[in-house]
Structure formats: structure tokens, C-alpha cells
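The values are calculated or read from the model by the stated rules, or taken from the named source; none is laboratory data. These numbers were taken from a predicted model, which means no experiment stands behind them. Please note: Cβ atoms are built from the backbone with ideal geometry, for glycine as well, and neighbour counts cover all protein chains shown.
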Amino acid sequence: MSFSRWLRKEFGRTVLQTVRRCRPQLEALEDRLAPAFLVTTTADNGNNAAPVPGSLRQAILDAEANPGADTIDFNLPAGDARHFYYQDNSAPGVSPVNVAVTTAADDSTILDIDPDYAHSWWSIQPTAALPPINDTVTIDGYAQVGSSANTLTVGDNAVLRIELEGSSAGVAHGLVITASDSLVRGLVINRFAATDAAGIVITKSNPSSGPEASDNKVQGCYIGIDVSGTVARPNFRGIQLADFVSHGPQRTLIGTDGDGAGQRFPWRRPRHSNRRRPPGQPYWHRRPRRGRCRRAQRHLRQSRRRHLHGKPGD
Ligand SMILES: [Ca+2]
Ligand SMILES: [Ca+2]
């Protein structure tokens, strides 16, 4: 018997019509999604009053000016002036002295690309501090075509194609987030090396007042290394939570989305359980040796007995 026939038999035609009226339908999702601001050039003039159109600086300012959560995506063209790749260094790994410009839309057509990292990338080099992020935003490096997140449990096969490079930014942090519920993912952030500078700072806008920045996430980013993940490109600090006078931001997740899926936590034997450690799972910590544990328990029993009954012979 079909479901609709069973409904009609059990509850009559009216109920069936009500169920049909309540049948779920797909809404036009795009109408409800926050608008995305596109980064279409790596150029930067350091000017918050008149930024380069299509720059990351412009996108951050636009997202700030638009109340509510926004997304900043990347659609950088192959002909951008800071579209780079590693030339083959004829040696293991890649070499920073072999970075070259390309206009190729397809990395497989770059004949002398280093096989050890056969992916090109775009490098955004701010010439002054970027505007702070005071309004919830998602900055999504994975939006650049050809980017992909790591899928390995051990090792890393991520392809990150957007680099935020601080060597020309002066005394400046990379990204400063004072908003809550923001997400930064799929970015390479490096070389914000001025004293006390950090790749990402999450703090509140006014150290002495205002709400804490909370529930922010940094996922799948390379901080302080190059796009290949093999060459050190240090910031002075990596990710800094709070400044030195305010309290720390709350519920910040770094390197995880916190949903428990696809993550490896050290295994801990549940209390009062004989469950064995699953194969391949690292220990949470070493359990105390059984002998030592028994000695400690015997000592405790003897102490209690003395306390209750006095020493033998008393
Ligand atoms: Ca906004
Ligand atoms: Ca090589």
C-alpha cells in the first residue's frame, strides 16, 4: 500500500490534502545567501579612502560597509602581474629564488614548472595595513579556481592559490578580525615580520570596552610558510588571539570546524571501560603503569586503615 493510500485510509482525504500542502519545496537559495565581494586583482595602493577597484582592500571595505555577514571570494585572472609559479630547480623541493611570473591559465601548460609543486598562485602584497574586519565575513581562498582543501588524514595535498604576503606592508598585521562568527580559509599568510606583527589577529576593536570577538574560525590556511608548505616564510607571530591588555576572544577554532568529522583526536580510554585503542589512533596520554597504580592504591588503603584503626599494635 502506498503512503498516500494509507494516509487516506487511516485519516481521510482532508489529512492527505494537508500533508500535500505541507510538502517541502526547495527555495531559491541564492536569494538568501549573503552577497560575495570578488577580489579580481592582486594590486594594492595602501589607500583605504580610494583603494584599487577589485583589490582585497576594496573587498574588505565593501564588506564592512554592507551590514551583516558577507563573503569575500577570489577570481584572479591568469594575466595578473603577481601570478607566480616555481620554476624547476632540478633538485628536490622548490626554491624561493626560482619564483617566476606566468600568464598561463592552465598550470599543465607551464613547461618549466617544478614537478615538486606544479601549481601556480597569486600573491597579494599589501603596501599598508589592510582595514580591520569589524563585521562578520568569510574570506574564502578556496574560491579561486583550482584551489582545494586537504583530503589526507596523514600529510597534506591542499592546493592553496592565494597568498597574502606582508613584506611590503610595513609595521602591520595581515588580517585583524574584531568581528564574531568570521571564517578565514584556504589562504597562505606569510612575511608579516615586523616586530609584534601577526599573520592574523583576533581581538576586540576597543581593548577596554566592547564585546569580545567570538566564534571565529581559521581553517585550512598556511601561516608562516609558502604555498607549497615547504619553505619557511615567517610572520613575527602566526595567529594572535587578543592584544596584550584585553581578555581573549572566545570559542576560536583554528584548523578545525569543530564538527568532529574528519578530525583525529588522541584516543582516551573511556572511564570504566575495557575498550581497546582503535588501530592507528594515538594515545591521549600514557596511562600510569599498572604496578605503580596498584602500589599507590595499596598505600592509600593502608593510610585509611591507620587513620580509622590506628597503627597495628596500638
Ligand atoms: Ca558586512
Ligand atoms: Ca624541484
Within 16 Å of ligand 1 (Cβ to nearest atom) and either farther than 30 Å from Ser182 by Cβ or of a type in the set (Ser, Thr, Tyr) (or both): is that true of Thr103 in this structure? no
Starting from segment 57-85, take each residue that is closer than 29 Å to Ala118 by Cα and list its partners that are of a type in the set (Val, Ile, Thr) and within 16 Å of ligand 2 (Cβ to nearest atom), counting only C-beta distances under 7 angstrom and pairs at least six apart or across chains. Phe84/Val99; Tyr85/Ile110; Tyr85/Ile113
Only one of (1) within 16 Å of ligand 2 (Cβ to nearest atom); (2) surrounded by 15 or more Cβ atoms within 10 Å (Cβ to Cβ) fails for Pro51. Which number is that? (1)
Per the list (1) within 21 Å of the chain's Cα centre (by Cα); (2) surrounded by fewer than 22 Cβ atoms within 10 Å (Cβ to Cβ); (3) under 22 Å from Asn45 (Cβ atoms); (4) β-branched (Val, Ile, Thr), residue check on Thr71 breaks on (3)
Have a look at Ser208, Ser214, Ser228 and point out the one that is at pLDDT below 70 and of a type in the set (Ser, Thr, Tyr). Ser208
Going by the conditions given, is Ala63 surrounded by fewer than 19 Cβ atoms within 10 Å (Cβ to Cβ) and either in a helix (DSSP H, G or I) or more than 16 Å from ligand 2 (Cβ to nearest atom) (or both)? no
So which of Asn134, Asn150 ends up being within 16 Å of ligand 1 (Cβ to nearest atom) and either of a type outside the set (D, E, K, R) or in contact (Cβ under 8 Å) with a residue 12 or more places away in the chain (or both)? Asn134
Determine, yes or no, whether Ile139 is within 23 Å of Val227 (Cβ to Cβ), buried (at least 18 other Cβ atoms within 10 Å of the Cβ) and within 16 Å of ligand 2 (Cβ to nearest atom). no
Mind checking which residues of segment 84-117 are within 11 Å of ligand 2 (Cβ to nearest atom), within 15 Å of Val159 (Cα to Cα) and loosely packed, with under 14 Cβ neighbours inside 10 Å? Pro115
Of Leu187, Leu175, Leu111, which residue is more than 16 Å from ligand 1 (Cβ to nearest atom) and within 15 Å of the chain's Cα centre (by Cα)? Leu187
